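Take a look at the structure set out below.
The values are calculated or read from the model by the stated rules, or taken from the named source; none is laboratory data. This one's a predicted model, so the numbers in the text were calculated from it and none came from an experiment. Cβ placement follows ideal geometry from the backbone for every residue including glycine, while neighbour counts extend to all protein chains displayed.
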Amino acid sequence: MQREERIPRIDWPARVQARGFDFHTIDGEVYWDERACYRFTAGEVDRLAAASAELHERCVEAAARVIERGDYGRLRIPEAFHALIERSWSEDEPSLYGRFDLAWNGEGEPKMLEYNADTPTALLEASVVQWYWLQDVLPRADQFNSIHEKLVARWKEMRARLPADGRVHFTCASESAEDRGNLDYLRDTAMQAGINPCPIDVADIGWDGARFVDLDERPIGALFKLYPWEWMVREEFGTHLLDRSMAVIEPAWKMLLSNKAILPLLWEMFPGHPNLLEAGFEPGRFATDFVKKPIYSREGANVAITSGGRTVEQPGEYGEEGFIWQAYQELPRFGDNYTVIGSWIVGGDSAGIGVREDTSPITKDTSRFVPHYFV
């Protein structure tokens with residue numbers, strides 16, 4: 001794994017915008033950054049794929065144990081939704097995708113920092129934008145990236161579980177350009193699989209007393225949501241989710257994997273696992289170097305890293321439900337850049353990676369996306 005400096009394509013903004021990627025710059029700073037790229041070997045790609053598949057299997061095992069034991073309290077999931085999770089699991093409701101955040105420099109074993117199992121973003125840039133960068137810049141090289149093909153194939157597999165008319169409503173928080181961009185891309189993958197994707201704002205989801213409906217009073221038989229389950233259950237319509245009149249993607253059982261409390265539970269089940277970091281619910285578990293993470297949070301908010309007697313904390317509005325503590329794994333550094341690998345799972349299969357950089361050891365929504373290739 002090496003970082004290589006490169007000269008950006010002269011017309012790169014126009015090229016990425018042509019792919020629907022219009023949030024390439026955030027607050028005046030470059031987000032899509034092709035001033036550098038990461039080079040992997042084929043062997044390193046194989047190791048990332050194997051580690052990601054292994055971690056997904058262990059996470060599914062952890063979800064099964066939570067359900068078997070009714071151990072929802074430590075995950076801070078409202079009691080009313082325990083039965084919803086159990087039905088979702090027992091009916092084997094299908095999952096579309098997820099993304100592991102991994103710390104790895106090409107040596108030893110990749111370490112799981114967390115699993116973005118419910119509403120992962122940075123998808124359009126990982127699937128499409130960096131692929132077309134590769135075709136322009138390094139057409140003879142390869143890339144660990146079958147995300148698009150696997151998304152389309154997965155939608156086709158899920159088609160039989162969706163409404164007969166093929167209509168699926170797609171929703172997100174409309175104020176986020178990043179979420180809208182990712183949602184538009186996912187709608188495109190669904191359309192390529194023969195699904196009729198209908199956009200709807202979260203605020204426009206209605207309840208007519210018997211079923212969910214859109215602004216045209218059409219029933220919402222299936223909903224893809226780029227909107228966290230922990231927010232969904234607290235919406236005004238949240239209790240109606242218990243009526244099971246609408247299929248939801250990601251399914252309710254993914255609530256168990258999308259919050260940070262799964263990290264201590266994984267360590268309890270698989271202590272010493274080479275791809276896991278020690279984690280617990282007790283604040284005094286680690287004497288020196290550790291990371292404090294809210295059970296629910298997004299984009300690094302309220303994460304605090306204590307290392308070498310110094311604490312770095314990202315502000316935010318999370319933490320009401322509590323925290324977990326995880327052993328500190330220093331991120332690989334290339335010059336001034338801390339690097340995180342986002343490894344994508346589609347269905348249950350490893351599908352590709354995206355690389356993020358930041359001058360801070362805490363990865364945020366503004367952390368730069370840098371393309372990669374392998375030889």
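List of remarks:
- In the stretch 122-147, residue farthest from ARG9 (Cα to Cα) [restricted to those that are more than 16 Å from the chain's Cα centre (by Cα) and among the small types (Gly, Ala, Ser)]: SER146
- GLU79 vs. criteria modelled with pLDDT of 95 or more and acidic (Asp, Glu): no
- Consider the stretch 147-187 and keep the residues that are among the basic types (Lys, Arg) and surrounded by fewer than 21 Cβ atoms within 10 Å (Cβ to Cβ). The one that is nearest to GLY206 (Cα to Cα) is ARG167.
- Pick from the stretch 13-24, criterion outside any loop (DSSP other than H, G, I, E, B) and free of Cβ contacts under 8 Å to residues at least 24 places away in the same chain, ranking: nearest to PRO332 (Cα to Cα): PRO13
- Options SER343, SER297; residue that is free of Cβ contacts under 8 Å to residues at least 60 places away in the same chain and polar (S, T, N, Q): SER297
- Test: residue in the stretch 130-143 that is crowded, with 18+ Cβ neighbours inside 10 Å, among the hydroxyl-bearing types (Ser, Thr, Tyr) and in contact (Cβ under 8 Å) with a residue 24 or more places away in the chain: no
Let's see how each residue does on (1) out of contact with any strand residue (DSSP E or B) (no Cβ under 9 Å at 6 or more places or on another chain); (2) closer than 19 Å to TRP344 by Cα:
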position	(1), (2)
VAL45	no, yes
CYS59	no, yes
ALA64	yes, no
TRP89	yes, no
GLU93	no, no
ASP101	no, yes
ALA117	no, yes
SER127	no, yes
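- For the stretch 88-97, the criterion of being within 23 Å of PRO371 (Cβ to Cβ) and surrounded by 14 or more Cβ atoms within 10 Å (Cβ to Cβ) is satisfied by at least one residue.
- Selection from the stretch 321-340 of residues that are assigned to a loop (DSSP other than H, G, I, E, B), surrounded by fewer than 22 Cβ atoms within 10 Å (Cβ to Cβ) and either of a type in the set (Lys, Arg) or in contact (Cβ under 8 Å) with a residue 24 or more places away in the chain (or both): GLU321, GLY322, TYR328, GLN329, GLU330, PRO332, GLY335
- Subset of the stretch 324-343 [farther than 18 Å from TRP32 by Cα and either out of contact with any Asp or Glu (no Cβ under 9 Å at 6 or more places or on another chain) or of a type outside the set (Ser, Thr, Tyr) (or both)]: ILE324, TRP325, GLN326, ALA327, GLN329, GLU330, LEU331, PRO332, ARG333, GLY335
- Within the stretch 63-97, the set of residues being part of a loop (DSSP other than H, G, I, E, B), in contact with a Pro (Cβ under 9 Å, 6 or more places away or on another chain) and closer than 21 Å to ILE295 by Cα comprises TYR72 only.
- Residue ID - surrounded by the most Cβ atoms within 10 Å (Cβ to Cβ), chosen from residues in the stretch 25-41 that are in contact (Cβ under 8 Å) with a residue 24 or more places away in the chain and assigned to a loop (DSSP other than H, G, I, E, B): GLU34
Residue-by-condition table, conditions (1) at pLDDT 95 or above; (2) touching a strand residue (DSSP E or B) at 6+ places or on another chain (Cβ under 8 Å); (3) farther than 30 Å from ILE10 by Cβ; (4) not charged (D, E, K, R):
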{"residue": "MET112", "(1), (2), (3), (4)": "yes, yes, yes, yes"}
{"residue": "PRO120", "(1), (2), (3), (4)": "no, yes, yes, yes"}
{"residue": "LYS156", "(1), (2), (3), (4)": "yes, no, yes, no"}
{"residue": "ALA160", "(1), (2), (3), (4)": "no, no, yes, yes"}
{"residue": "ALA177", "(1), (2), (3), (4)": "no, no, no, yes"}
{"residue": "TRP207", "(1), (2), (3), (4)": "no, yes, yes, yes"}
